[in-house]
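Have a look at the structure below, then the notes.
No lab work stands behind these numbers, since they all come straight from the coordinates. These figures come from a predicted structure and were not determined experimentally. Counting neighbours? That spans all protein chains shown, and the Cβs are built from the backbone with ideal geometry, glycine included.
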Amino acid sequence: MEVGRLIILEGGEGAGKSTLVKNLEKELSGTGLRVVCTREPGGTPWGEKIRSLLIEKDSNIDHHLSPAAQLLGHYMARFEHLERVILPALSSGKTVISDRFEISSYAYQVYALGDTLLENIFADLHKYVVEQLRPYQCIYFFCDLDPAAGLARVDGRGEKKTIFDEAAIEFHEKVREGMKKAQAHIDSHFTCHTIDASDSEEGMLRQAVNLLR
Ligand SMILES: Nc1ncnc2c1ncn2[C@@H]1O[C@H](COP(=O)(O)OP(=O)(O)OP(=O)(O)O)[C@@H](O)[C@H]1O
Ligand SMILES: [Mg+2]
């Protein structure tokens with residue numbers, strides 16, 4: 001039986017993560033692998049409810065959840081996601097492709113919005129995740145793109161926006177920096193690669209496929 005492998009796509013708004021998930025799924029399924037695509041926050045019925053609380057705008061509430069509350073909300077959804085979707089798929093030898101995972105939590109909640117106390121909480125939560133994923137190969141692809149270009153792509157897409165899509169450009173620049181710095185806070189069990197997301201859709205797929213070889 002094939003060995004389960006977790007592939008995670010990270011990057012800022014509009015970097016092309018969801019597009020690459022679809023393209024990678026097609027490519028890897030074509031080689032005979034059994035592929036499960038999922039996303040964070042979300043991926044389970046509880047996770048999708050938590051996703052709405054975390055990233056959709058609520059016109060009745062004039063402020064967002066605090067960074068610490070957001071971080072714990074993301075991990076609440078993540079532990080459910082791990083237990084019900086990711087680990088069962090990996091243990092049956094499937095390839096799991098997740099649209100965002102822990103690097104997003106680090107970049108948004110800890111680095112861009114939070115403080116050093118949250119770094120410690122992140123480190124503890126991360127340990128718990130790593131121990132559960134220890135038997136499986138785990139790979140991060142950081143889709144790196146100038147935030148202005150990413151936001152222009154999001155505008156062109158015409159989908160419902162999240163609480164972060166309309167944040168100032170400085171915020172998105174900090175998130176990009178946080179995604180780079182996150183790699184130093186992620187256990188070496190995870191392999192981290194950067195994909196140049198200014199490339200075409202096809203080019204991003206080729207970069208990812210070459211890195212998987
Ligand atoms: N490499 C690319 N070059 C140009 N446009 C792209 C590329 N990849 C995706 N797009 C387009 O850019 C838009 C955003 O792509 P996508 O939804 O995949 O980004 P995302 O990273 O998932 O964004 P979000 O953070 O909002 O979920 C889409 O309209 C998509 O078709
Ligand atoms: Mg997306």
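Some notes on this structure:
- Shown for Lys160, Lys174, Lys17: other C-beta atoms within 10 Å of each C-beta, ranked fewest to most, produce the order Lys160, Lys174, Lys17.
- Of Lys26/Lys161; Lys17/Lys180; Lys26/Lys94, pairs whose Cα-Cα distance is over 22 Å: Lys26/Lys161
- Whole-number percent relative contact order across the range 130-213, with pairs defined as alpha carbons under 8 Å at least 6 apart: 51
- Dipole moment magnitude, nearest 20 debye, the range 5-212 about Cα centre, only Lys, Arg, Asp, Glu C-beta charged: 740
- Positive contributions from Lys and Arg (+1) and negative ones from Asp and Glu (-1), summed over other residues with Cβ under 11 Å from the Cβ of Thr44, come out at +1.
- Taking the empirical scaling 2.2 N^0.38 Å for compact globular proteins as reference, the chain has a Cα radius of gyration ratio of 0.97.
- The Cα atoms of the range 89-213 give a gyration tensor whose axes a ≥ b ≥ c have a/c of 1.5 or more with a/b no greater than b/c, which makes the shape oblate.
- Ranked by the mean number of other Cβ atoms within 10 Å per residue, highest first, peptides 90-98, 24-32 order as 90-98, 24-32.
- Gaussian network model of the chain, springs between alpha carbon atoms under 10 Å - residue of Arg153, Arg51, Arg100 with greatest fluctuation: Arg153
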